[in-house]
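Report on the following structure.
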Amino acid sequence: MASPRPSLGLASGKLILAGEHSVVYDRPAIALPFTRLMARARISSIDGPSRVSSAYYEGTLDDAPDILSGMVDCIRATVDAVGHPHDHFMIQVDSTIPTGRGLGSSAAVAASAVRGIASYYGAVLSHEEEMALVRIAEVHAHGTPSGIDAEAVVATGPFRFIKGAPIIQLPVGRALHLVVADSGRKGNTRAAVEGVRCRFENDRDATEAHLDQLAVVVEDVQDALRDGDTEVLGSSMNAAQRELSAIGVSDSVLDSLISEALRSGAVGAKITGSGLGGCVVALAPDAESVAPLASALEAAGAQETWSVVVHERTVEEAP
Ligand code: MEV
């Protein structure tokens, strides 16, 4: 058989607008793709055992270090799913998504590999198959992923997510302007999720109440997105942040970036992703306020900032 042509698989970063952590406990959440940051996997033909090339490792799949075992399992399962042998390909992964910042790096890298391999072998995977394959890497990275990151890194716009259910695309009534600020510190999703689990087990009633409140916020965020209502969206993000602080996933550095965002004109700000390090997301009142807000966050110590426009969009009603 002639060697297949080189192929690319792409996936983006992700932002969670509301419902991180509570989503693990079967509450709804809202997320969106963060397409300014991308992961890319290039698959090409080589002789002999398959190899992987990434920022962390360059060598055969067989000899990959433990840190990559989730990716390696995901790659092997994908090759199995498309019915090909494990040899004779090179997978080169590069990503502009900083790791450990709550921006979906691990899911995006896995999704790019799954998509690249499927495309290389001319296979078409269903969305469910793709999600199940990405989940293999996510379980290694996080332990008990809800699946929201895997959905977000291949999504086309904001969506509502409940664990185990198909996503629902959300309409956006007016373009919204977000600024994402990186604290520069790595978070650890597994540790943050375990911390919330500990609270849940030790103080179940209080923790349930916070999770329920986060679910209420998600409804408000969904309505505010639909109505293009910046004020309500901002106050809902602030309400989410109060609940996230109460369940112990914010910290003093994230809190001070959030305070700075609010002092500098943001109408709402919160952590995004698992917290305890990572990023905050702030909502600017309008496009003109984005640059001063980003500058203020950088002056306050953000390692990097990105502006994100959530474009106005209509979504077909389900029949
Ligand atoms: C991580 O991006 C989001 C969390 O809710 C974990 C998960 O949903 O798997 C913290």
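The values are calculated or read from the model by the stated rules, or taken from the named source; none is laboratory data. These numbers were taken from a predicted model, which means no experiment stands behind them. Neighbour counts are summed over all protein chains in view; Cβ atoms, including those assigned to glycine, are modelled from backbone coordinates with ideal geometry. Calculation scope for accessible area: heavy atoms of the full protein, side chains included, ligands and nucleic acids excluded. Shrake-Rupley method; radii C 1.70, N 1.55, O 1.52, S 1.80 Å.
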Number of positions in segment 129-165 that are assigned to a loop (DSSP other than H, G, I, E, B), near the ligand (Cβ under 10 Å from one of its atoms) and either among the charged types (D, E, K, R) or in contact with a helix residue (DSSP H, G or I) (Cβ under 6 Å, 6 or more places away or on another chain) (or both): 4
In segment 218-240, residue least open to solvent (accessible area, probe 1.4 Å) [restricted to those that are of a type outside the set (A, V, I, L, M, F, W, C) and within 16 Å of F159 (Cβ to Cβ)]: Q222
Pairs with Cβ under 6 Å, 6+ apart, first in segment 1-24 and at pLDDT below 95 and open to solvent by less than 10 Å² (accessible area, probe 1.4 Å), second more than 8 Å from the ligand (Cβ to nearest atom) and part of a strand (DSSP E or B): none
Residue among S112, S105, S95 that is crowded, with 19+ Cβ neighbours inside 10 Å, in contact with a Pro (Cβ under 9 Å, 6 or more places away or on another chain), under 25 Å from V180 (Cβ atoms) and polar (S, T, N, Q): S105
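Yes or no, residue by residue, for (1) open to solvent by less than 50 Å² (accessible area, probe 1.4 Å); (2) of a type in the set (K, R); (3) in contact with a Cys (Cβ under 6 Å, 6 or more places away or on another chain):
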| residue | (1), (2), (3) |
| --- | --- |
| V216 | no, no, no |
| R242 | no, yes, no |
| L257 | yes, no, no |
| A266 | yes, no, no |
| E298 | no, no, no |
Of all residues making up segment 90-118, the number that are farther than 24 Å from P145 by Cβ and in contact (Cβ under 8 Å) with a residue 60 or more places away in the chain: 0
